[in-house]
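Here is the structure we will look at, set down as structure tokens.
The values are calculated or read from the model by the stated rules, or taken from the named source; none is laboratory data. As the structure is a prediction and not an experimental result, all values here were calculated from the model. Glycine gets a Cβ as well: all are built from the backbone with ideal geometry, and neighbour counts include every protein chain shown.
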Amino acid sequence: MQWEACWLPQRDPPCTLSTPLQIAHWELNQEGIAFQLEARENWGDRYEIRQHEQGGYLIGGNTGLLYGAYRAMECKRLGLAYPQGEQTPDYTLRMLNHWDNVDGTIERGYAGQSLFFREGHFQYDAARLRAYARLLASVGINVICINNVNVTLAAQALLDERFLPELAAIAELFAPFGIRLLVAADFAMPLQYDLPTADPMDEQVAAWWRNRVELVYRYVPNLCGFLIKADSEGRPGPHTYGRNHAQGANLLAEALEPYGGILVWRCFVYNCRQDWRDILTDRPKAAYEHYAPLDGCFAHNVILQIKHGPFDFQVREPPSPLLLAMPRTRKALELQLTQEYTGQQIDLYAMQGMWHEIFEDVPGQSMDAVAAVANIGSDVNWTGHPFAQVNLFAYGCTAWNPTLSFETVTDRWLRLTYNLEEDAHAILRRMLLTSRAIYEGYTAPLGLCWMVNPGHHYGPNPMGYEYDRWGTYHRADRYAVGIDRTSKGTGFTDQYPTRLRERYNNRDSCPESLLLFFHRLPYGYVMKDGRTLVQRIDEDHRQAVQEVEAMRESLRELQGKLPTWVFDSAWDRMQCQVQNAKEWRDVICDFFHRLSGFPHENQL
Ligand code: GCU
């Protein structure tokens, strides 16, 4: 085998197994669990486990048989009782987006190369892909987009007749595991096929898409649909032709409709050519401004995919107001497992707690689906940092049942993966549960975003994006820092329902972790605990570095308890994390002391 273990025992289901029922059967047999399987039509992904009249257990379901089987295996290994009654996922579509390029690289990937592509072609290890499909199915993920939302010219070929047989082969490989494919498509693709325009209101263009979709479904009849990033960060889209997002999305949705396909349309749209001198344009307002007026205009098979925060996967953001708007539109919440801004799978960062905070403010019912950018690659341990696997596991569990607690899921993952003695288990558990707060403690303070190094986004650079075109400013000067995004400022808070608007508008009710996201404050501003803002930034950063150092000592205790390859890999990364944390501390503290002129005993 070329890869290393994780929460599932390694096994190779024979390629001859071609349905969820057969896979479920095989898995249970391998595990030595006696279950009867009962196929039930129209059960979708749900399943039921119950005691059989003749003794033993029965799992009933359709694709859900697979999820029931994996759950039964997990219960057996953890010594838990089987779940009672019908088990239904909260979200019908539980999607994973790969940002894989056809040259084999992965945009924002920190775990090696693509599992699907090399040098402009499909190139993969089928056994490894099956292992991957099995891993995803075991946590209930049922849709994957295999290519980057930034679709290059080379990647447009995925929907070309030359490549469709290979796309079909991948779709077939994933199908027995209940997983269907999405393909990220380029809105302007008709232009590559000699059409003079890609205008969504042009009948020729509509006919071109209908034909293309017909061709694609001839090869891949179980395709889930297309994913589109349009009019965003240089991607083509309907705006080029003076049309709106609904007109653009509906064009493709109509073509997909006859095949039951869906169109996932991303809402990550903003003015990416902003002039930093322009203080009226506030980037977090963009998605809502573009989309909210279009509520009710999208076809029924369009799903708008909305990043969890209004910016771009920063360490701390409020929930996107768009998630709470557009009641007549289907929406998907988009999360990012790949740790672009959260430590790049070098620094430890278990993120499930963040999702719970989102669900607290954004009721699950306001979304139809969930999606997450994958943190997977060709590395032997799948995720680069061996402990980053917990985020993929937790994502699957959350997409099925968002109420499962961070503690429960972390425990489950730890026991299934390492099955450590109690003391070692407790150490690693604590490291994971506290990792997010610690990371946040040494990076951009109190909801202030964009203090990372431009481009690669690792390490501190408080002025790195300050004069750039991306609308990512904190506007720190010698008096104050942050942007007033309240109703009296840029008006961003007006996009929220009253409850949240009031909470964020008011400095006293605004959570401290988001204070500088919503408010512009002088350095001498007195925080709830009586310390000044600048003192608080300074001390938080120093404390976070001490916590990382303590975490390194905790990890040291796990030497000899974790498998050697796991320990070594985590240890090397931890050494880098300590350096990274110190760098952040020194740069951030120095930046604010120099700027504010506030003297401090810790000044360099
Ligand atoms: C971030 C990321 C890009 C990505 C974009 C997106 O900005 O840095 O690499 O293309 O998000 O979500 O589309």
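Among the listed residues Leu392, Leu432, Leu446, identify the single one that is assigned to a helix (DSSP H, G or I) and under 20 Å from Phe311 (Cβ atoms). Let's see the steps before the verdict.
Values: Leu392 fails: under 20 Å from Phe311 (Cβ atoms); Leu432 fails: under 20 Å from Phe311 (Cβ atoms).
Leu446 is the lone residue from the list that is assigned to a helix (DSSP H, G or I) and under 20 Å from Phe311 (Cβ atoms).
Filtering the range 95-127 down to residues that are within 16 Å of the ligand (Cβ to nearest atom) and over 13 Å from Ala374 (Cβ atoms), which residue is surrounded by the most Cβ atoms within 10 Å (Cβ to Cβ)?
Of everything passing the filter in the range 95-127, Val102 is surrounded by the most Cβ atoms within 10 Å (Cβ to Cβ).
Consider Gly60 carefully, then state whether it is at pLDDT 95 or above, more than 20 Å from Gly396 (Cα to Cα) and over 23 Å from the mean Cα position of the chain (by Cα). Walk me through it before giving the result.
Numbers: at pLDDT 95 or above: yes; more than 20 Å from Gly396 (Cα to Cα): yes; over 23 Å from the mean Cα position of the chain (by Cα): yes.
Yes; evaluated as a whole, the condition is true for this residue.
State whether one or more residues within the range 153-173 are assigned to a helix (DSSP H, G or I), hydrophobic (A, V, I, L, M, F, W, C) and within 16 Å of the ligand (Cβ to nearest atom). If you could, list the steps in order and put the result at the bottom.
Going through the range 153-173, the residues assigned to a helix (DSSP H, G or I) turn out to be 153-159, 164-173.
Now drop any that are not hydrophobic (A, V, I, L, M, F, W, C), which leaves 153-155, 157-159, 164, 167-171, 173.
Going one step further and asking which of them are within 16 Å of the ligand (Cβ to nearest atom), we end up with 155.
The answer is yes; a qualifying residue exists.
If you go through the range 235-287 one residue at a time, how many are in a helix (DSSP H, G or I) and within 23 Å of Asp468 (Cα to Cα)?
Initial filter on the range 235-287 (in a helix (DSSP H, G or I)): 238-241, 245-259, 283-287.
Restricting the remaining residues to those that are within 23 Å of Asp468 (Cα to Cα) gives 283-287.
Residues flagged as in a helix (DSSP H, G or I) and within 23 Å of Asp468 (Cα to Cα) within the range 235-287 amount to 5.
Determine whether Arg328 is within 20 Å of Trp470 (Cα to Cα) and away from the ligand (no atom under 14 Å from the Cβ).
Taking the combined requirement at face value, the residue does not satisfy it.
Give the residues of the range 498-523 that are more than 15 Å from Asp540 (Cβ to Cβ) and among the polar types (S, T, N, Q), sorted by residue number.
Residues satisfying the conditions are Thr498, Asn505, Asn506, Ser509.
Starting from residues that are of a type in the set (S, T, N, Q) and more than 33 Å from the chain's Cα centre (by Cα), keep the ones in the range 23-51 and report whichever is modelled with the lowest pLDDT. It would help to see each step written out before you state the result.
Let us first name the residues in the range 23-51 that are of a type in the set (S, T, N, Q), namely 29-30, 36, 42, 51.
The next check asks that each one be more than 33 Å from the chain's Cα centre (by Cα); those that pass are 29, 36, 51.
Details: Asn29: 96, Gln36: 95, Gln51: 90.
So, considering only residues that are of a type in the set (S, T, N, Q) and more than 33 Å from the chain's Cα centre (by Cα), the one modelled with the lowest pLDDT is Gln51.
As an exercise: evaluate Gly296 against (1) without any contact (Cβ under 8 Å) to a residue 40 or more places away in the chain; (2) within 16 Å of the ligand (Cβ to nearest atom); (3) not acidic (Asp, Glu) and give the number of the one condition it does not meet.
Condition (2) is where Gly296 drops out.
Can you tell which of Leu191, Leu135 is part of a helix (DSSP H, G or I) and within 30 Å of Cys75 (Cα to Cα)? If you could, list the steps in order and put the result at the bottom.
Values: Leu191 fails: within 30 Å of Cys75 (Cα to Cα).
Criteria check complete, one pass: Leu135.
Quick check on this structure: which one of Glu502, Glu466 is free of Cβ contacts under 8 Å to residues at least 24 places away in the same chain, under 27 Å from His290 (Cα atoms) and among the acidic types (Asp, Glu)?
Working: Glu466 fails: free of Cβ contacts under 8 Å to residues at least 24 places away in the same chain.
Result of the check over Glu502, Glu466: Glu502.
State all residues of the range 253-293 that are of a type in the set (A, V, I, L, M, F, W, C), farther than 21 Å from Ile483 by Cβ and within 16 Å of the ligand (Cβ to nearest atom); if no residue qualifies, say none.
Val264, Trp265, Cys267
Please identify the pairs in which a residue from the range 68-84 that is closer than 11 Å to Trp7 by Cβ has its Cβ atom under 9 Å from the Cβ atom of a residue that is aromatic (Phe, Trp, Tyr) and buried (at least 18 other Cβ atoms within 10 Å of the Cβ), counting only partners at least 6 apart or on another chain.
Glu74/Trp7
Looking only at the range 211-229, count every residue that is more than 16 Å from the ligand (Cβ to nearest atom) and either surrounded by 23 or more Cβ atoms within 10 Å (Cβ to Cβ) or assigned to a loop (DSSP other than H, G, I, E, B) (or both) and tell me the total.
Narrowing the range 211-229 to residues more than 16 Å from the ligand (Cβ to nearest atom): 211-225.
Cutting the leftovers down to either surrounded by 23 or more Cβ atoms within 10 Å (Cβ to Cβ) or assigned to a loop (DSSP other than H, G, I, E, B) (or both) gives us 213, 216, 220-225.
Count: 8.
List the residue pairs whose Cβ atoms are under 9 Å apart, where the first residue sits in the range 236-263 and is polar (S, T, N, Q), the second is crowded, with 20+ Cβ neighbours inside 10 Å and not in a loop (DSSP other than H, G, I, E, B), and the two are 6 or more positions apart or on different chains.
Final answer for the pair search is Asn244/Pro238; Gln247/Pro238; Asn250/Leu263; Asn250/Val302.
For His541, state whether it is in contact with a Cys (Cβ under 9 Å, 6 or more places away or on another chain) and assigned by TED's automatic domain parsing to the domain that holds Glu466.
For His541, the condition - in contact with a Cys (Cβ under 9 Å, 6 or more places away or on another chain) and assigned by TED's automatic domain parsing to the domain that holds Glu466 - is met.
What are the residues in the range 441-471 that are surrounded by fewer than 21 Cβ atoms within 10 Å (Cβ to Cβ) and touching a Cys at 6+ places or on another chain (Cβ under 8 Å), if any?
Arg469, Trp470
List the number of the failed condition for Arg430; all other conditions in (1) over 24 Å from Pro293 (Cα atoms); (2) surrounded by 14 or more Cβ atoms within 10 Å (Cβ to Cβ) hold.
(2)
The conditions are (1) of a type in the set (D, E, K, R); (2) in a loop (DSSP other than H, G, I, E, B); (3) out of contact with any helix residue (DSSP H, G or I) (no Cβ under 7 Å at 6 or more places or on another chain), and Glu539 fails exactly one of them. Which is it?
For Glu539, the failing item is (2).
In this structure, is Gly234 out of contact with any helix residue (DSSP H, G or I) (no Cβ under 6 Å at 6 or more places or on another chain) and at pLDDT below 95?
Numbers: out of contact with any helix residue (DSSP H, G or I) (no Cβ under 6 Å at 6 or more places or on another chain): yes; at pLDDT below 95: yes.
It is true that Gly234 is out of contact with any helix residue (DSSP H, G or I) (no Cβ under 6 Å at 6 or more places or on another chain) and at pLDDT below 95.
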